[in-house]
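The values are calculated or read from the model by the stated rules, or taken from the named source; none is laboratory data. Quantities reported herein were computed from a predicted structural model and do not represent experimental measurements. Note that we place each Cβ from the backbone using ideal geometry, even for glycine, and neighbour counts take in every protein chain shown.
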Amino acid sequence: MAKDRNPQLRQRIAQLAARMMADEGIADFGHAKRKAGRQLGVTEDHCMPTNAEIEEEIRIFHEIYNSEDQPAALQQLRKDALLVMQMLERFNPHLTGAVLDGTAGRYAATDIHLYAESLKDVEIYLLNLQVPYESNEKSYRTHNTKHGNDRKKVPVFTLEGPNGIIRLSVFDTNAARIPPRSPVDGHSISKANLAHVSALLKSADASTDPA
C-alpha cells in the first residue's frame, strides 16, 4: 500500500508533528503534519502519518521529555476546566480533547462542549458574568467520512484561562445524544461531564499524595 512505502519517513513526520503539538501549542493535526512535512521536504499525502500515529508520538514525547512536568501541568489544566464547567453548569458542560485524554502539553487549549437551546443564552450568561471572550466557529465531523457535507460548523467562545485558552463549543441540546467524531480515529469523541472530571482530579491527587 502507498502509505507503507516509507514507514521511517512517516514516523519522522509524526514525531516532528507531535513535538510541535506538545511543545509549540499547535492544536490542529492537519496543520502540524503539513508543517512537519514541509520541514522535511515532503508534501505527498501518502507519506503523511495518520492522526492516531501523531497522537501516539505525543504520548511518547511526554514520557521521554516531559515526564516530570507534564502530569502537574495536565492536572492544573483539568482544574481550570473544572472551574469553568462549574461556572457554566446550566449548559451541561463536557470536557473533551487533549486535556481529557492526557496528551495536553504546556500550551494546549482546553476544549469544553456546551449544550444550549440558544447561542444567545450562553452569550448573555457570559456577558452577565463579565467574562471576556472572542467569537469564532469550529468545524466538526458528524459522520465517519471525509466528505465536506459530513461536517458541521459550531459557534465557539474562546476565553483566556490562567494557563491557556479555553474553547467553548456550543451545540444544540439535541446534539448531546449524538457526539461529533474524533479527529484522531473517527469514532465518537470522548467527553467527560462535571462528575467525571472531578473524579479524574481526585484520582490523580490521591496517586500523588505521599503515603
Task: Inter-residue pairs, beta-carbon under 9 Å, first more than 16 Å from G161 (Cβ to Cβ) and in region 122-142, second basic (K, R) and assigned to a helix (DSSP H, G or I), 6+ apart - done: Y125/R90
Task: Answer from E55, E44, E137 - the residue that is within 16 Å of the chain's Cα centre (by Cα) and not assigned by TED's automatic domain parsing to the domain that holds I165 - done: E55
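If you scan region 60-84, which residues turn out to be closer than 16 Å to L194 by Cα and either in the same structural domain as Q15 (by TED's automatic domain parsing) or small (G, A, S) (or both)?
Matches in region 60-84: A81 only.
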Task: Residues of region 176-204 classified as in contact with an Asp or Glu (Cβ under 8 Å, 6 or more places away or on another chain) and of a type in the set (S, T, Y), total - done: 1
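Matching residues to (1) of a type in the set (D, E); (2) exposed (fewer than 14 other Cβ atoms within 10 Å of the Cβ); (3) within 21 Å of G97 (Cα to Cα):
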site: K33; (1), (2), (3): no, no, yes
site: G37; (1), (2), (3): no, no, no
site: E55; (1), (2), (3): yes, no, yes
site: I58; (1), (2), (3): no, no, yes
site: P71; (1), (2), (3): no, no, yes
Open item on the list: Please go through region 103-121 and give me each residue that is within 25 Å of D28 (Cα to Cα) and without any contact (Cβ under 8 Å) to a residue 40 or more places away in the chain, ordered by number.
Closed with: A104
Task: Which listed residue is in contact with a Phe, Trp or Tyr (Cβ under 8 Å, 6 or more places away or on another chain) and closer than 26 Å to T158 by Cα, from L77, L88, L100, L82 - done: L88
Task: Criterion (in the same structural domain as R106 (by TED's automatic domain parsing), touching a strand residue (DSSP E or B) at 6+ places or on another chain (Cβ under 9 Å), β-branched (V, I, T) and at pLDDT 80 or above) met by exactly one of T142, T173 - done: T173
TODO: Check I166 against each of (1) among the aliphatic types (A, V, I, L, M); (2) at pLDDT below 95; (3) under 26 Å from I54 (Cα atoms) and name the one condition it does not meet.
DONE: (2)
- [ ] Would you check if G25 is in contact (Cβ under 8 Å) with a residue 12 or more places away in the chain and buried (at least 16 other Cβ atoms within 10 Å of the Cβ)?
- [x] no
- [ ] Filter region 168-202 down to residues that are out of contact with any Leu (no Cβ under 8 Å at 6 or more places or on another chain) and assigned to a strand (DSSP E or B) and give me whichever is surrounded by the most Cβ atoms within 10 Å (Cβ to Cβ).
- [x] R181
